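Visitor: The structure under discussion is supplied below as C-alpha cells; questions concerning it will follow.
Nothing in this text is a laboratory measurement; each read-out follows from the coordinates by a stated rule. Every value quoted in this text rests on a predicted model; they were computed, and no experiment measured them. Virtual Cβ from ideal backbone geometry, glycine too; neighbours counted across all protein chains shown.
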Amino acid sequence: MKKLKIKNGHPYPLGATARDGGINFSMVNGSNEECGLVLYRRGGGQKGRIPFDAGHRIGNISCVFIEDLSPADCEYNFYIGDAVFVDPYAKRIIGNEKWRSGELKRLTLRGGLCCGMFDWQGSMPLNIPYHESIIYCLHVRGFTKHTSSGVRHKGTFEGIIEKIPYLKELGINAVELMPAYEFEECEWEADRPPAETQSIAYQVQHIDEELEPERARAKRINYWGFRDAFYFAPKASYSAEGNPCEEFKRMVRALHQNGIEVIMQFYFPNTVKPGYILEILKYWVLEYRIDGIHVKGERVPVTLLATEPLFARTKILHEDFQLHDIYPDDETPVYRNLGYYRDEFMNDTRRYLKGDMGMLRNFQYHMRNHNPRCGVINYITNYYGFTLNDLVSYERKHNQLNGEDNQDGTNQNYSWNCGAEGPSRKRAILQLRRRQMCNAMSFLFTAQGTPLLMAGDEFGNSQNGNNNCYCQDNDIGWVDWRGLKRNAALHAFVQSLIQFRRAHGILHLENSLSMLDRYGYGYPDLSYHGEEAWKVQPQEYNRHIAMMYCGQNETGTDADYIYIAYNMYWEERRFALPSIAGYEWQPVLDTKDNRLTVQCERSTSYVDIPPRCVAILRGKRLGNPPKRAKKTQKGNAK
C-alpha cells in the first residue's frame, strides 16, 4: 500500500464521507483499546491497517482525513482491538451483491461509498395528504421475482420501475417497501455476539480476518429482513446493475415522476439507540428523498421522530403516538404527517366478513374513523398473516414448510374457508370466495381512512395457507402474476373500486364526517339505514347495514349521493332506499354479478341485496337540480 497522507479529521458525520481531496473517516470507540481503519483492495484482499492514535480522538470519537483516496476505490472496515467490523454508518455494503441461500461461505463484508452526483430532474417528495393516499405494500424482491412478472430485471429496484405502468393503471399513489436497506439474508447458528459483549455502543458486524471462512449451512433465510442491519445502505442484491445507491434513487425519481410516493419500512431491535435511529432516518429523507417512514420496533423513539422539524412533511407510520406530548394544548398540525398503523380495522372487518355476531357497531366505527391530528391506515391483509385469497380459502395456518412444526405465525386469523380447506374445484365455493374477496376490498376502499393494499391481493395471490412467509424466498413468498389472468374479474373490480373512491370526495374527506347537513342539500353527510330507510337494526345477531353519503360532485355545483349496502348475512336482505327529491337511485357496483335492480312498491324504492354481498348505488339527478337547502341539524347518529 502506498504511503497515505493522514490528517486530523472531523467527528461528524460518522462513517466515511468524501470531501475535497480525500475521505474523512469517523468512528465511535468507547473503550481504551486501539482502534483504526482496515483498507482493502477493490474486490477484496487487505491492503493494510491505519491506527487512529490519541491525537485523532475527540471524546469517544476517533477520526482521520486521508488525502488522495478515491471514493470509487475505497473499501474499508473499522477495528477495535482484535475485532474487525463493518462500519454501521457505511453508505454502501460490498460483498453481499448476490442474494444468498443454502450452504455457503461466510462473507467478508466491507463498507464503501456511494459515488457520483445524481440528477433528480426536479423530483421532490410529493406530500400527498392521507385522505388522498392509496398505499400499495410490497417486498422489493418478491414483487417481481416470479417468472410470471414479465419484467427484465426481476426482484430489483429496476423491476419496480418496470411495473410503474401497472401501478398507475391500478390507481395507487404510494408504495410501501418492506426492508430495502442492507441486511444479511442468511442467519447462522452463531450469527452475532450478544449486544452486551460488544466493545462499542451500537450493533456491529464482527469479522474474523485471520481465519479462512468455513462452509456452513445457514440456519434459515431471512426473506423479509426484519433484523439488525446496515441501515444506511440500500440492499445490494436488489440492484440490477451493481449500483444500489443510484438505482434506488432512479426508482424514487421514476415513481415521483408518475405521482407515486415511496414509504420505507424500518425495523429496529431493542439494542439500537434512539440517536442512531434518528440519524438513519434523516439520512434517507435527505439523501434518497423518500416520502415516508414506517418505523417498527419496541423502543423506537416515536415522539422524538414526530417532533423532528425535518420530518414535518414526511409521513411517519407507527402503531401508536403520544399525541398529548407531540401536540400539546390540542394543537392541530399544519400537515398531518403521523399515521396510525394498527390491526383493529383488519381484525374487526375480517370478523364481519365471515359473519361473526356483534360486529356491526365496530364496523360502523371503522368505516367512518378519522383523527384530526393523525392519519388512519386501514388494511384487511398485510405481509404478516394470510393473503386475501388465503383469508377466504383457509381456516388454519399451514406453515409446515417454515421448519418450525407449524408453531410460528398467528393463530388469530379470523378467516373462513367458504366450505373447503385449501384449493377447491367446486364452482359454488369458488364463486363464494371471489365474492368474499370483493366484499373485503369494498370494506377497504369505502372506509374513510387511508387504504393499504397488499401486493397481489388485487388478483388473488396465494401463499398456500402460509401466514408467516418470513423465510419463503420462493414461489410461496413471491407474487404470482398469473393471477392477473386467472382472476381478471377480481382485478377489474378492485380497479373500479379505486376509481370510484378517487372520483367521490365524500368517501375520503380531509376531516371527519359530521352526520349533519354539511353541504346544505338537506341531508347529512353520513346516515345509516337498514331494512327501513333511516332506521338501523343494530342487534347483535344482525349482519346488514346501509350507509348513505351526501357530498358534492367534482365541480362543487351539485350534490353527490352514494348509498352502500353491506349484507354479510347468509340470506338475502331487502333494503328500503331513502327518497331524495329530484334523484333516483341507480346501481353502480356490486360484489355478486352486477345485476341488481332498484324496484318500487307502493311508492317506496327498495333493493334486494343477495347473501354476503356489498352493493353501491348512486343518485342520478332528474331534470334541473333542486335549490340548495339551508343548512340544518338533520342527522342520524345511531
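Visitor: For segment 170-186, what does the Karplus curve 6.51 cos²θ - 1.76 cosθ + 1.60, with θ = phi - 60°, yield as ³J(HN,Hα) per residue in whole Hz, taken in order and with x for Gly and Pro?
Guide: 5, x, 7, 9, 7, 10, 10, 9, 5, x, 10, 8, 6, 9, 7, 6, 8
Visitor: Do you know the relative contact order of segment 235-347, to the nearest whole percent, from alpha carbon pairs under 8 angstrom that are 6+ apart? Kindly include the intermediate steps, with their values, before the conclusion.
Guide: Numbers: 127 pairs, mean separation 22.7, N = 113.
This gives 20 percent for segment 235-347.
Visitor: Taking the 0 to 90 degree range and rounding to the nearest ten, how far is the long axis of helix 274-287 tilted relative to the main principal axis of the chain, both from C-alpha atoms?
Guide: Long axis of 274-287 versus the principal axis of the chain: about 80 degrees.
Visitor: Taking a 27 Å limit on the Cα-Cα distance, which of the listed pairs Lys47/Lys219; Lys47/Lys296; Lys7/Lys249; Lys145/Lys235 fall beyond it?
Guide: On the way: Lys47/Lys219 32 Å; Lys47/Lys296 39 Å; Lys7/Lys249 33 Å; Lys145/Lys235 15 Å.
Result: Lys47/Lys219; Lys47/Lys296; Lys7/Lys249 exceed 27 Å.
Visitor: How big is segment 1-74 by Rg and Dmax over its Cα atoms, in Å?
Guide: For segment 1-74, the Cα radius of gyration and maximum Cα-Cα distance read 11.9, 34 Å.
Visitor: In addition: Once you keep just the Cα pairs under 8 angstrom separated by 6 or more residues, what percentage relative contact order results for the chain? Please report the intermediate quantities before stating the final value.
Guide: Details: 1390 pairs, mean separation 67.8, N = 638.
Reported as a whole number, the value is 11 percent.
Visitor: Here's another thing I want to ask about it. Convert each backbone phi in segment 293-309 into a coupling constant with the Karplus relation 6.51 cos²θ - 1.76 cosθ + 1.60 (shift: θ = phi - 60°), then list the ³J(HN,Hα) values in order as whole Hz, x for Gly and Pro.
Guide: 9, 10, 9, 10, x, 6, 10, 6, x, 4, 5, 4, 5, 5, 9, 6, x
Visitor: Can you divide the C-alpha Rg of the chain by 2.2 N^0.38 Å and report the result to two decimal places?
Guide: Values: Rg = 27.8 Å, N = 638, 2.2 N^0.38 = 25.6 Å.
The reported ratio for this selection is 1.08.
Visitor: Would you mind checking the tilt of helix 488-503 against the longest principal axis of the Cα atoms of the chain, expressed as 0 to 90 degrees and rounded to 10?
Guide: 80 degrees
Visitor: Taking a cut-off of 22 Å, what percent of all Cα-Cα pairs in segment 413-494 are separated by more than that? Numbers along the way, then the final one.
Guide: On the way: 955 of 3321 pairs.
Tail fraction, whole percent: 29.
Visitor: Cα-based Rg of segment 513-621 per 2.2 N^0.38 Å, rounded to two decimals? Mind dumping the intermediate values first?
Guide: Details: Rg = 13.7 Å, N = 109, 2.2 N^0.38 = 13.1 Å.
Expressed relative to 2.2 N^0.38 Å, the Cα Rg reads 1.04.
Visitor: Same structure again: Taking the alpha carbon gyration tensor of segment 46-189, what are the square roots of 5 times its eigenvalues, largest first, to the nearest whole Å? Don't skip to the answer; put the middle values down first.
Guide: Details: eigenvalues 281, 94, 45 Å².
Calculated on Cα positions only, the semi-axes equal 37, 22, 15 Å.
Visitor: Loop-only chymotrypsin sites (Phe, Trp or Tyr not before Pro) in segment 545-593, please: DSSP not H, G, I, E or B, and at most 11 other Cβ atoms within 10 Å.
Guide: Details: sites: Tyr549, Tyr561, Tyr563, Tyr566, Tyr569, Trp570, Phe575, Tyr583, Trp585; in loops: Tyr569, Trp570.
Filter output for segment 545-593: Trp570.
Visitor: If you find the alpha carbon centre of segment 356-409 and of segment 537-577, how far apart are they in angstrom?
Guide: Between the Cα centres of segment 356-409 and segment 537-577 lies a distance of 24 Å.
Visitor: Now for a separate question. Evaluated at 37 °C with a viscosity of 0.692 mPa s, what Stokes-Einstein diffusion coefficient in µm²/s does segment 450-596 have when Rh comes from the Kirkwood expression over alpha-carbon pairs?
Guide: Values: Rh = 18.2 Å.
The calculation lands on 180 µm²/s.
Visitor: What distance in nm separates the simple spin-label points at Arg152 and Glu344, each placed 7 Å from Cα in the Cβ direction?
Guide: 4.8 nm
Visitor: Cα centroid distance between segment 106-159 and segment 279-327, in Å?
Guide: Their Cα centres are 20 Å away from one another.
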